[in-house]
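Take a look at the structure below.
Since every read-out is calculated from the coordinates, none of them should be taken as a lab result. None of these values were measured; they are calculated from a predicted model. Cβ sites come from the backbone with ideal geometry, for glycine too, and all protein chains shown count toward neighbours.
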Amino acid sequence: MAVNLLLGLQWGDEGKGKIVDVLTKNYDIIARFQGGPNAGHTLEFDGIKHVLHTIPSGIFHDKAVNLVGNGVVIDPVIFKKELDNLAKFNIDYKSKLLISRKAHLILPTHRILDAASEASKGKAKIGSTLKGIGPTYMDKTGRNGIRVGDLELSDWKERYRTLANKHEAMIDFYDAKIEYDLQELEQDFFEAVETLKSLTFIDSEEYLHQAQKEGKKILAEGAQGSLLDIDFGTYPFVTSSNTTAAGACTGLGVAPNKIKEVFGIFKAYTTRVGSGPFPTELFDEDGETMGRVGNEFGATTGRPRRCGWLDLVALKYAVHVNGVTQLMMMKGDVLSGFETLKVCTAYKYKGETIDHLPYNIEPENVTPIYTEMKGWSEDLTKMSDKSQFPKELNEYIEFLEKELETPITIVSVGPDRTQTIHR
Ligand code: GDP
Ligand code: IMO
Ligand code: MG
């Protein structure tokens, strides 16, 4: 009867997609609760790599139902491309993909507004994926948005036109002039809306309520990471939704007292794509090695990810904000070969040593203080059991468990489904 959550604890791309895919066999329903096509969730099995943006990462399994919850924002054009990709692999998505009527739609003009807003910011830009996420959530909270359920109403196109006209006036307001052909964009949009309408729209909060009553097992899949949360992230360099545990309650209509396990996923080091502060960022050969060995390029935009050592100050904060009950450590294999590993355990903040995340972590305020640990040279990618782990890896894991006061129950040693070790 329980609902479990799976969340990224850093700045996204922790490996959520991979682990949701691995865990799906234990669940009846996989539900996305926030974000949109700014997410890129990678799954690998049978030698094939799949990247999902809006569709939950349980879609490749036969039994589980995959639900796009009310907290998600959907771009019909990108959604259609995702469906077309699934069709290539003969995935019968129609029978197992449900969409909340309360999810909001990303319109073509939302994407243009995103581009105009970013261009006008110059050096202060967020580094958005430019998928229209910010403007769509602004219309949601501004009470102007168009929802999936509206597509069932006869006057939705008039409402669309009113909103798109308003957006065009807003785009003109920005100095940065973005070239676009709205008619062409709308053609794709309306065609994709028809595809979306061929799927099943539901009142998902009621569906999930009934599912819980029937004893079904539900896993809520997060997107982005805790440090990109609109309230608790490194504002303003964040996304526009609550990526933390509370977001699953509002993004699905699941009550807080129904949540059991909170799985927190983190990389054995840290990455960030886009702008914003990153105290443990490396600009040296070590950072370059992490990026190269870890193949750290954004799954949505292809941008290189910034890399650095593990930041336990930030990670502890994410564990607390989310109430994480189990940790999962990803990409330990990428650290093989480092003679010495560094873990940030405190910050020098305005002359003082602190071990909590302060309001402002801009580089001029914060210097990381590191604990050094001995690295391991063994290749982890072929390992299938924790008994094969080198002593130094066990020491690294045990150190993190002690600092974070939370058990690490899964260690991932490669991108493939099978490269997953339970502890
Ligand atoms: P998500 O957004 O949290 O789902 O993560 P992404 O898919 O954006 O980024 C994670 C990347 O790391 C993907 O390319 C995965 O295939 C890859 N990956 C996941 N787990 C591991 C691991 O344990 N080791 C290695 N080397 N790669 C991994
Ligand atoms: P997954 O689910 C990593 C980052 C962007 C930018 C900021 C705001 O794959 O972990 P937005 O497009 O929301 O306006 O961008 O957030 N960002 C992500 N970084 N992984 C993601 O998703 C991200 N989604 C957004 O790079 O810095
Ligand atoms: Mg990603």
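The figures follow:
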item	result
Helix-derived mean residue ellipticity, 222 nm - over the chain, DSSP H n ≥ 4, -39500 (n - 2.57), to 500	-9500 deg cm²/dmol
Sites matching GluC sites (Glu not before Pro) across the stretch 195-297 that sit in DSSP coil, with at most 12 neighbouring C-beta atoms within 10 Å	214
Computed over the stretch 116-204: relative contact order in percent, which uses C-alpha pairs under 8 Å that are six or more apart	38 percent
Three-way shape label, the stretch 56-195, alpha-carbon gyration tensor, a/c 1.5	prolate
Cβ charges +1 (Lys, Arg) and -1 (Asp, Glu), total dipole of the chain, debye	780 debye
Calculated log₁₀ intensity ratio I(q)/I(0) where the Debye formula runs over C-alpha points of the stretch 1-108, q = 0.12, 0.22 Å⁻¹	-0.37, -1.39
Distant-in-sequence amide H partners of residue 376 (H built 1.01 Å from N, under 5 Å)	337, 338
Within-12-Å neighbourhood charge of residue 369 [Cβ basis; K, R +1; D, E -1]	-2
Contact order relative to length of the stretch 296-349, as percent, for alpha carbon pairs under 8 angstrom and 6 or more apart	47 percent
Cβ-based net charge around residue 388, under 14 Å, with every Lys or Arg adding one and every Asp or Glu removing one	-1
Karplus-derived 3J(HN,Hα), 6.51/-1.76/1.60, for each residue of the stretch 230-239, Hz, glycine and proline x	4, 8, 9, x, 7, 4, x, 8, 9, 9
Three-way shape label, the stretch 168-315, alpha-carbon gyration tensor, a/c 1.5	oblate
Ordering of 318-329, 102-113, 351-362, 139-150 by burial proxy (mean other Cβ atoms within 10 Å per residue, highest first)	102-113, 318-329, 139-150, 351-362
Degrees between helix 204-213 axis and first principal axis of the chain (Cα, 0 to 90, nearest 10)	60 degrees
Unit charges on C-beta of K, R, D, E only; dipole of the stretch 137-179, Debye	160 debye
Rounded to 5, percent antiparallel among DSSP beta bridges of the chain	40 percent
Low-density loop positions, chymotrypsin sites (Phe, Trp or Tyr not before Pro), the stretch 69-137 - DSSP coil, at most 12 other Cβ in 10 Å	89
Placed amide H near residue 346: partners under 5 Å, 5+ positions off or other chain	369
Violating pairs (Cα-Cα greater than 20 angstrom) within the set 16/123; 331/382; 123/177; 88/157; 96/157	16/123; 88/157; 96/157
Ranked list, fewest to most other Cβ atoms within 10 Å of each Cβ, for 406, 239, 301	301, 406, 239
Calculated over the stretch 124-204: convex hull of Cα atoms, volume per residue (Å³)	141 Å³
Centre separation in Å (Cα based) which lies between the stretch 388-415 and the stretch 1-43	21 Å
Trypsin sites (Lys or Arg not before Pro) within the stretch 42-85: DSSP coil, no more than 12 neighbouring Cβ in 10 Å	63
The chain - Kirkwood radius from inverse mean 1/r over Cα pairs (Å)	22.1 Å
Net charge, residue 404 excluded, C-beta distance under 13 Å - Lys, Arg +1, Asp, Glu -1	-4
Translational diffusion coefficient (Stokes-Einstein; Kirkwood radius from C-alpha pairs) of the stretch 270-371 at 25 °C, 0.890 mPa s, in µm²/s	167 µm²/s
Kirkwood-based shape ratio for the stretch 337-420, expressed as Rg/Rh from alpha carbons	1.07
Sequence-separation-based contact order of the chain, relative, with Cα cut under 8 Å and 6+ spacing, percent	20 percent
The stretch 76-141 versus the stretch 257-279: alpha-carbon centroid distance in Å	22 Å
Charge dipole magnitude, Cβ of K and R +1, D and E -1 - the stretch 1-59, Cα centre, debye nearest 20	80 debye
The chain: most fluctuating residue of 54, 271, 340 per GNM, C-alpha cutoff 10 Å	340
